[in-house]
Amino acid sequence: MMQYAGNRGLVKGIFLLLILVAIVFVGISFAKPYYRYYTLGSHTRDFLKTDTGSIDAIKANVMKDAAELNVPLDEKDLEVVRVDKIMKVKATWSETVDFWGYYRKKIDFVMEEEY
């Protein structure tokens, strides 16, 4: 009789461990695109603060950072505008989070930075 209680405890422990691993995997899968979004925004803000370069230089830097971070940003979705002395950068892209083909979630990002 005591053996059955021990086996149920082992199965319950393994089941809870599998659920915990699944929750961590889902969290990491959703965190990656948001991490890239915030990092690209931070790099763009830093570049705008340190450089008063041309629009082409800013575009090239944002595209280089996007490529390094694996952000699926196309040049047509990147807009850099100078309004008086303020540089405005707007970029839009989408990423899809896939859970082994069972569930897909499309996440749209809009990055707007100015300095």
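Quick notes on this one:
- Pairs where the first residue, in the stretch 61-81, is under 11 Å from His43 (Cα atoms) and at pLDDT below 95 and the second is charged (D, E, K, R) and exposed (fewer than 14 other Cβ atoms within 10 Å of the Cβ), C-beta under 8 Å, 6+ apart: Asn61/Asp51
- The one condition in (1) under 16 Å from Phe30 (Cβ atoms); (2) basic (Lys, Arg); (3) more than 20 Å from the chain's Cα centre (by Cα) that Arg104 fails to fulfil: (3)
- Positions within the stretch 20-56 being among the aliphatic types (A, V, I, L, M) and open to solvent by 40 Å² or more (accessible area, probe 1.4 Å), in sequence order: Leu20, Val21, Ala22, Ile23, Val24, Val26, Ile28, Ala31, Ile55
The values are calculated or read from the model by the stated rules, or taken from the named source; none is laboratory data. This one's a predicted model, so the numbers in the text were calculated from it and none came from an experiment. FYI the Cβ positions are ideal-geometry reconstructions off the backbone, even for glycines, and counts take in every protein chain you see. Accessible surface is based on the protein model in full, side chains and every heavy atom, while ligands, DNA and RNA are left aside. Shrake-Rupley method; radii C 1.70, N 1.55, O 1.52, S 1.80 Å.
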